[in-house]
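Notes follow the structure.
Every number in this text was worked out from the coordinates using simple rules, so none of it is lab data. Note that the coordinates shown come from a computational prediction; the quantities given were computed from them, not determined experimentally. When we count neighbours, we look across all protein chains shown, and the Cβ atoms used for this are built from the backbone with ideal geometry, even at glycine.
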Amino acid sequence: MNDLIQQYAKRLKLSWIREHYHEVNARNYEEYLLKLFEQEIAQREKRKINLLLKSATLPNKYGKTFDWKDIELGQGITQTDLLDGKFIERKENLIFYGGVGVGKTYLSTLIGLNVIRKYGMRVKFYTVASLVNQLLEANEKGLLNKFFKQIEKLDLLILDELGYIPLHKQGAELLFQVISLCYEQKSIIVTTNLQFGQWNHIFGDPILTQAVVDRLIHHSRLILFKGESHRLRESVSNRY
Ligand SMILES: Nc1ncnc2c1ncn2[C@@H]1O[C@H](COP(=O)(O)OP(=O)(O)O)[C@@H](O)[C@H]1O
Ligand SMILES: [Mg+2]
């Protein structure tokens, strides 16, 4: 009988029940069944979250608590709103602007982790360079549509480090396609060290740049990471 239970549980994909059904104590049939279902569901949820965390490819180097001191959120939004992904429900984008080493990647990672764990959202983290490389590769292999379909499934796309390297024409155009695909459908967090006025240097072409900026900043919030002023202060104090 035990063998059959194992076999049927496997066919029905009840993996928690298959392994643990004999350990559950209950006073009656209903309680027993209820406990089995509850545990099976809990395990499935856990597995789902782990899969989502894995496929999000978030950096996992951050440990210490996040310091909000130098971060300017702007009006009408709180730290909790950000961490809870309120902007995702509204399909808004976030632009994280600031110098190097001020927590842009860190905060985008925290938000990603939080909305996966709390709401089971689909998140994907890319550096712009790696996304563009993957787009070029997919394009070469004729797999671009498949790639776009993956992006269409997301709730939140994180594009880290826009502006660190200029893009080639085809790369810039493919990135634009991704941003267009997400426009008013998904939320994007972009981290950047360049002001919009300088995005021309990334995309190369003023018309394309304008189109990218339009799509990104329509329905978006600018979050300022004031570390740049720290760097400025350092460079000034070094000079005198
Ligand atoms: N606001 C912050 N709170 C806590 N640690 C921070 C903060 N900003 C930066 N750090 C630390 O500095 C490092 C660089 O942060 P990161 O988010 O990678 O910066 P960037 O703005 O360049 O993306 C991180 O490893 C983190 O430990
Ligand atoms: Mg960074």
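Its Kirkwood hydrodynamic radius, worked out from the mean inverse distance over all distinct Cα pairs, puts segment 69-158 at 14.7 Å.
Taking 7 Å steps out from each Cα toward its Cβ at residue 143 and residue 19 produces label points 3.2 nm apart. When the square roots of the Cα gyration tensor eigenvalues are ordered a ≥ b ≥ c, the ratio a/c for segment 71-239 is 1.5 or more and a/b does not exceed b/c, which makes its shape oblate.
How large is the Rg to Rh ratio of segment 2-50 when both quantities use alpha carbon positions and Rh follows Kirkwood?
Checking Rg against Rh, the ratio lands at 0.99.
The mean sequence separation of alpha-carbon pairs under 8 Å and at least six residues apart, normalised by the residue count of the chain, gives a relative contact order of 25 percent. When the helix-only estimate is applied to the chain (DSSP H runs of n ≥ 4, each -39,500 (n - 2.57), divided by the residue count), what is the mean residue ellipticity at 222 nm, nearest 500 deg cm²/dmol? About -17000 deg cm²/dmol.
Within a straight-line Cα-Cα reach of under 16 Å, residue 61 can be paired with the following lysines, leaving aside sequence neighbours fewer than 8 residues apart in one chain: 104. Electrostatic tally near residue 212: other residues with Cβ closer than 14 Å to its Cβ, Lys and Arg +1, Asp and Glu -1, net -1. Beta-bridge orientation, the chain: approximately 10 percent antiparallel, per DSSP, counting only bridges with both partners inside. Here's the picture: a label point sits 7 Å out from the Cα of residue 198 along the beta-carbon direction, and within segment 82-105 the residues with their amide nitrogen under 13 Å of it are 97-100.
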